[in-house]
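Following: one structure in structure tokens, then a few remarks.
Taken together, the values in this text are just the output of simple stated rules run on the coordinates, not laboratory data. Everything numeric here is computed off the predicted structure, so don't read it as measured data. Here the Cβ positions follow ideal geometry from the backbone for every residue, glycine too, while neighbour counts run over all protein chains shown.
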Amino acid sequence: MNQRVFAAVLALGMTCTATGLFSQTLAPVQQPALRPGEDCNLSHFCGVPYEYMPATASQSAPGGGAKLIDGKAVQLGGHIGTGSCFGSPICPWGIGKETINHVEYKPDMGYTYAYPLNFPEGSTGGVSAVAMDSKGNIYAFLRNGLGKPMLFEWDATHKFVKSFGVDIAGKPHGLAVDAQDNLWVCDQFGDTVMKLSPEGKLLMTLGVKGQRGDWNEAKGQRLLWQPMMVAFGANGDIYIAMGHGNESPNDGAARILHLDKSGKYINQWFGNAVGPGKFAMAHGIAINPHNGNVYIGDREEYRIVVYDSNGKFIKTIQMQNLVCALFVDRSKQLWMATGQDGQVVKLDWDGKILGAAGEGPGTGPGQFIESNYMVQDIHGNIFVGDTSSTRVTELVAPKK
């Protein structure tokens with residue numbers, strides 16, 4: 001197991017509203033460094049002392065995040081534990097991304113690696129997501145250059161079929177296929193989720209392109225806020241995970257929007273705070289097929305936050321990696337992509353690691369710069385997108 005530094009910040013004195021968090025007037029908060037063998041938790045910066053120094057209201061917005069000063073993580077004003085991650089109590093971006101590290105697992109499930117999906121010449125950018133329809137056709141959502149297609153399709157034999165969706169998204173993010181083989185495309189920067197037919201015909205648009213905001217059904221305002229990914233309930237209900245606060249000026253709350261299969265509003269719930277039931281980001285989402293519970297990938301908090309299908313909080317599962325993507329395979333097992341740790345791991349529904357695949361960070365065989373959304377074919381092979389590489393990795397299942 002390859003250990004690096006795992007940063008965490010104690011979040012105190014915070015209040016939560018649907019529009020963000022506000023710092024309180026507090027005395028300095030001093031946290032001791034970890035002793036050898038201690039586990040990281042929300043009381044530590046994991047290896048260094050952490051100190052929060054309150055500031056006036058004018059000084060505290062937006063806040064500069066924590067910085068390492070003489071071996072101590074010091075934050076002056078702002079929301080506790082914030083910086084570019086805007087509300088995460090585990091805030092690695094505030095002290096420099098390269099100062100934090102997570103756990104790498106030994107690949108122990110016998111997967112080998114292949115790259116059978118060839119993009120047309122001239123394709124560039126990272127693969128933000130992959131999806132698969134009922135016929136085994138594979139789709140990739142590519143952050144391609146301006147004026148180029150962003151959606152690509154291969155058949156079940158991995159033969160290239162077509163490309164489409166020229167400039168369909170300001171920033172491609174999630175991609176999912178529903179029970180009727182329609183494609184659901186998440187445009188993070190355009191703040192829309194689009195439903196497309198298998199032929200690429202636009203069937204529905206949720207949100208208004210270029211207008212980021214709240215969905216307020218009472219006011220007839222149906223806006224989205226950085227949609228990341230879509231998941232579907234057994235009855236066809238739509239769950240949209242929104243909020244990518246660490247890379248954008250996100251002063252709105254991460255949230256889950258629950259609609260019926262026709263796009264009619266049912267419910268929504270908000271995160272962007274610390275403590276039981278809260279989440280600072282909704283980067284991944286999966287529905288437990290056994291009970292309909294909603295599993296949220298709170299990436300920068302290294303945790304999975306679980307609600308029931310009606311938005312009632314159930315539990316938080318603390319992980320030791322960035323929770324970039326969640327996926328349910330054909331045997332109803334949960335998987336997680338660990339992003340820049342370059343792996344995917346198999347979990348039980350309580351978050352216990354059951355196995356791992358992937359050779360860690362890099363560009364070699366089986367490596368990922370950032371592993372992300374994934375799908376599985378009928379043979380058990382798993383296809384994983386890499387947001388920083390123009391390739392899809394096939395994790396080839398061992399023969400039984």
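Below is a table of values for the structure above.
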item: Along principal axes, Cα extents of the range 112-396, largest first, whole Å; result: 47, 40, 35
item: Quotient of C-alpha Rg and 2.2 N^0.38 Å, computed over the range 123-233; result: 1.06
item: Burial ranking of peptide ranges 387-400, 111-124, 163-176 (average Cβ count within 10 Å, highest at the top); result: 163-176, 387-400, 111-124
item: Percent RCO, i.e. relative contact order, over the range 302-394, from Cα pairs under 8 Å lying at least 6 residues apart; result: 18
item: Residue-count net charge about GLY366 - beta-carbon cut-off 11 Å; Lys, Arg +1, Asp, Glu -1; result: -2
item: The range 160-311: relative contact order as a whole-number percent, Cα under 8 Å and 6+ apart; result: 14
item: In the range 104-164, the trypsin sites (Lys or Arg not before Pro) that fall in loop regions by DSSP, at most 16 other Cβ within 10 Å; result: LYS135, LYS159
item: Of LYS209/LYS261; LYS159/LYS195; LYS264/LYS315; LYS148/LYS278, those spanning more than 29 Å from alpha-carbon to alpha-carbon; result: LYS148/LYS278
item: In nm, spacing of pseudo-spin labels at ASP377 and LYS171 (7 Å Cα→C-beta vector); result: 3.2
item: Label-zone membership for the range 283-324, site GLU217, 7 angstrom Cα→C-beta point, backbone N under 14 Å; result: 310-311
item: Neighbour cut-off at most 11 other Cβ (10 Å), DSSP loop, GluC sites (Glu not before Pro), the range 179-248; result: GLU199
